[in-house]
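Working notes for the structure below.
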Amino acid sequence: NDVSMIQAAHVGIGISGLEGLQAARASDYSIGQFRYLKRLLLVHGRYNYRRVAKVILYCFYKNICLYLTQFWFTLFNNFTGQSLYDQWALSLYNVVFSTFPIIVLGALDRDVEMNRLLERDQFPELYADGLLNKMFNTATFWKFSLNATIHSVIAFMLPIYILQHLTNTDGQSLGLTVTGITTYSIVLWVISMKVAFETQSWTVINAVILFASLLAWYAFLLIYGVMFKTLTLSDLAYWYHAPTEALGHPTHWLCVIVVSSLPALREVVWKTWKHNYSQSLMHEVQQLEARNKPFARSDATPKLLMRGEHSLRYFVPEDREKGYLAFLDFDFMAIPKKVMKQVSSVLQSNSTRDFFTAEAATAETKRKGAKSAPSPGNVSRRFDSKSGHTKIQDIVVDDL
């Protein structure tokens, strides 16, 4: 309920309580009770981190995939400035044809059920994806960019050679316009299949929006091919009459099907390998959920739960420098490497031990009214568990 802190934070969360609504009005998100914070952070926070990461990466991907085909075309026209696509098609690309499927994914997508993140006997380690920046980092950005570059090469180079000798029934070459329509169609199919592969939870809305986006492209072509007969604005119609020529030729459809299937085949092979031979904890949970039977942590593969970034245990002394995450007393708390090094230095400090001993002795004296303080050896036992693991919550926060 501190307005200044809420306004200074990246994401401000206010609570509506007895103090009034000032904090709630200054916040990005407002809750009515503190217990709602658990679901807001662990469930909606994680879901939205994954969604926003996918939306950003996909927006880069789809634009790189289309506009690099324009760049490859300049290698064939000696950088004359000739465009492969019509200006109307370029304008509608980010407005109609490729926008709505990723918006739906960013609003509705979720990889696992909510209770997998909230229940203690489930998989709270899944929350670590955001803490470790697994979904959005430099590596994932360049992976998506490289993927888009490869897809743009496939979408341009194959049609340009397949359709170079294509003619109509009169023996006349269909020319550059049909090649541009075919390449554009391939790009739309490729990016549509990409967003389909990235979707973790399918709904009727996802399917309808994805289908409608592709249908809008072909509706645009059919309308575009005939509308300028009455408008007589041929200067604005670079693809005038070309859509009917392209859509009426079987080679166009064969080229679209074959070429757009190649990037999709790569996605199928990659995701099949990831889900079966290089599984993460998320993949394991998804497979358990697909059985439609109750399950718990004990049903998951132990090695996926015991990896360094998914370790449900106290810190072992020799692991302190590795920056492992700790889940203390089954309450979710992530300890980053920087703080872990500070914790290590605190534990090794004799002055800190003396401070704890003095504090404990004072408290014990006040409680019992005794004149003698407990021995340092007895006091220090509460800082170390029997197995030699360190309990972080016993360290005074100010010393960090």
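Any residue at all in segment 97-113 that's under 24 Å from Phe156 (Cα atoms) and open to solvent by 20 Å² or more (accessible area, probe 1.4 Å)?
Step one: filter segment 97-113 for residues under 24 Å from Phe156 (Cα atoms), giving 97-99, 101-102.
From what's left, open to solvent by 20 Å² or more (accessible area, probe 1.4 Å): 99.
Yes - at least one qualifying residue is present in segment 97-113.
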Practice item. Give the residues of segment 239-276 that are within 25 Å of Thr167 (Cα to Cα), open to solvent by 50 Å² or more (accessible area, probe 1.4 Å), at pLDDT 70 or above and aromatic (Phe, Trp, Tyr), sorted by residue number. Key: Trp253
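Could you run through segment 67-82 and say how many residues are part of a helix (DSSP H, G or I) and either within 13 Å of Thr179 (Cα to Cα) or aliphatic (A, V, I, L, M) (or both)?
Within segment 67-82, the first condition is being part of a helix (DSSP H, G or I), and the residues that meet it are 67-74.
Now restrict to residues that are either within 13 Å of Thr179 (Cα to Cα) or aliphatic (A, V, I, L, M) (or both): 68-70, 73.
Residues flagged as part of a helix (DSSP H, G or I) and either within 13 Å of Thr179 (Cα to Cα) or aliphatic (A, V, I, L, M) (or both) within segment 67-82 amount to 4.
What number of residues within segment 277-294 are in a helix (DSSP H, G or I), of a type outside the set (Phe, Trp, Tyr) and surrounded by fewer than 10 Cβ atoms within 10 Å (Cβ to Cβ)? I'd like the intermediate steps shown before the answer.
Keep residues of segment 277-294 that are in a helix (DSSP H, G or I), which gives 277, 281-290.
Narrowing the set further to residues that are of a type outside the set (Phe, Trp, Tyr) leaves 281-290.
Those left that are additionally surrounded by fewer than 10 Cβ atoms within 10 Å (Cβ to Cβ): 290.
So the answer is 1.
Going by the conditions given, is Tyr85 hydroxyl-bearing (Ser, Thr, Tyr), in a loop (DSSP other than H, G, I, E, B) and touching a residue at least 60 places away in the same chain (Cβ under 8 Å)? Step through it out loud before you land on a result.
Details: hydroxyl-bearing (Ser, Thr, Tyr): yes; in a loop (DSSP other than H, G, I, E, B): yes; touching a residue at least 60 places away in the same chain (Cβ under 8 Å): yes.
Spelling it out, Tyr85 is indeed hydroxyl-bearing (Ser, Thr, Tyr), in a loop (DSSP other than H, G, I, E, B) and touching a residue at least 60 places away in the same chain (Cβ under 8 Å).
The values are calculated or read from the model by the stated rules, or taken from the named source; none is laboratory data. The shown structure was predicted, so the numbers you read here are calculated from the model rather than taken from an experiment. Cβ sites come from the backbone with ideal geometry, for glycine too, and all protein chains shown count toward neighbours. Surface areas here come from the heavy atoms of the whole protein model, side chains and all, with no ligands, DNA or RNA. Shrake-Rupley method; radii C 1.70, N 1.55, O 1.52, S 1.80 Å.
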